[in-house]
Amino acid sequence: MVDINRVMERFLASVERRAFRMAVIATGEKEDALDIVQDAMLGLVKRYAARPEDEWRPLFFKILQNGIRDWGRRRSVRNRCMVWLKGFGKRESGDSTAGRDPVEFFADPKGRCPAERCVISGSMAVLESALGDLPTRQQQAFLLRAWEGLSVAETAIAMGCSAGTVKTLYSRAVHELREVLGEHWP
Amino acid sequence: MNKKRAEEKFIEDAASALDSSVEGIDAGILSSLTRARRRAVDGLNGRGARSRARFRLPLSGLAAGLLLVFTVSVYFNYKGAIRLESYGNIEDMELLASIEQIELLDQLDFYAWLINEKEYKG
C-alpha cells in the first residue's frame with residue numbers, strides 16, 4: 001500500500017524551492033513568500049490530497065498563484081492607505097536587502113570560482129529584475145511554462161484561464177523578456 | 001527556424017539561471033520550508049496543521065483580549081480598594097463622632113460603682 005504521507009512529502013519537497021523562488025520574484029519579500037508557499041502546501045493537503053498524484057502539481061501552483069494574487073491585492077490596498085496616511089507609497093521592509101537578489105548573499109554550494117559566480121548571479125539578477133517588471137499574469141505564465149515545465153493545459157488550470165490565454169501570455173512574456181535582456185543575455 | 005531556435009535557447013538559459021538561484025537558497029529558508037512541509041503533511045493525519053500567517057491574527061487578538069481583561073481587573077481592584085478604604089474611613093469617622101460612647105468609657109468606674117450600690121441597696 002502506498003503511504004500517502006510519504007508521497008505527499010516527496011511531492012512537496014520537489015516543488016517547494018521553486019515555489020518559494022516564484023513567490024520571492026513576485027513579492028520581493030522572503031517572509032511573505034514563505035507564508036504564501038506554506039499556505040499553498042496546506043491548501044493542497046486540505047483540499048486535494050485525495051486527488052490523483054499527477055493532478056497535484058497544477059493544483060499546487062494554482063493555490064500558489066492565487067496566494068500571490070491575494071498578496072498583490074492586499075499590498076496595493078495597503079500602499080494606497082500608506083499614500084493617504086503618510087503621503088508616500090514606499091515599499092516598506094525591515095530587511096535592508098529587500099528588492100535585491102537574495103542569491104547574491106548566499107554561499108555557492110557548488111564551489112564555483114568568483115568569476116563564474118559573478119556571471120551567474122549577475123545574469124540572474126538581470127533576469128529577476130526583468131521578470132519582476134512583467135505584468136503578474138505574464139510572469140506567472142512564463143515561470144510555470146518555461147521553468148516549472150507545466151504543459152499549456154496544466155498552466156491553464158494553475159492560472160484559472162483558458163489555454164489560449166496561456167499561449168498569449170507566455171508568448172508576450174518571452175517576447176518582452178528578450179526585448180529587455182537583449183540578444184547577448186546571459 | 002533560426003528565430004525559434006534562438007527563443008528555445010533563451011528559455012533554456014532562463015530556466016538554467018532560475019535553477020541556479022534555487023540551489024543558492026540559504027539554510028534558514030530551507031529549514032523554514034521543511035517545517036512548513038512537515039506541518040502540511042501532519043494535516044493528512046488530522047494533526048491540525050495551521051499556517052504561520054493564520055496564527056498571527058488570533059494570537060494578537062488573544063493578546064489584546066488578555067490585556068483588556070488585565071486592565072479591567074486592575075481598574076476594578078483599584079476602585080474596590082478605594083471603596084474599602086473609604087468604608088474604613090467612614091467607620092473611623094463614626095467612632096470619632098460618637099462622643100457619648102467615649103465618655104462612657106471614661107466613666108466606666110463610676111457606672112460600675114453605681115451598679116454595685118443599687119445591688120447593695122436593693
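Just so it is clear, none of the values below were taken in a lab; they were calculated from the coordinates. Here the structure is a predicted model, which means the values were calculated and not measured. Note: ideal-geometry Cβ built from the backbone for every residue, glycine included; neighbour counts use all protein chains shown.
Side notes on the structure shown:
- For peptide A:15-26, the mean count of partner chain Cβ atoms within 10 Å of a residue's Cβ comes to 4.
- Once the C-beta distance of A:E179 and A:E31 is scaled by a Förster radius of 41 Å, the resulting FRET efficiency is 0.80 to the nearest 0.05.
- Placing pseudo-labels 7 Å out from each Cα toward the beta carbon at B:I115 and A:R172 gives an inter-label distance of 10.9 nm.
- Rounded to whole numbers, the Karplus 3J(HN,Hα) couplings from phi for the range A:133-141 are 7, 6, x, 3, 5, 5, 4, 4, 4 Hz, using 6.51 cos²θ - 1.76 cosθ + 1.60 with θ = phi - 60°, and x at Gly and Pro.
- ³J(HN,Hα), Karplus 6.51/-1.76/1.60, whole Hz, each residue of the range A:43-60, x for Gly, Pro: x, 5, 5, 5, 9, 10, 4, 7, 6, x, 4, 6, 8, 4, 4, x, 5, 4
- 21 Å Cα-Cα threshold exceeded, pairs from A:K62/B:K4; A:K167/B:K3; A:K167/B:K4; A:K62/A:K167: A:K62/B:K4
- Packing, as the average of other Cβ atoms within 10 Å across residues, places the peptides B:3-12, A:22-31 in the order A:22-31, B:3-12, highest first.
- For A:28-37, mean number of other protein chain Cβ atoms within 10 Å: 3
- Computed from the C-beta positions of A:V7 and B:L68 and an R0 of 45 Å, the FRET efficiency is 0.45 to the nearest 0.05.
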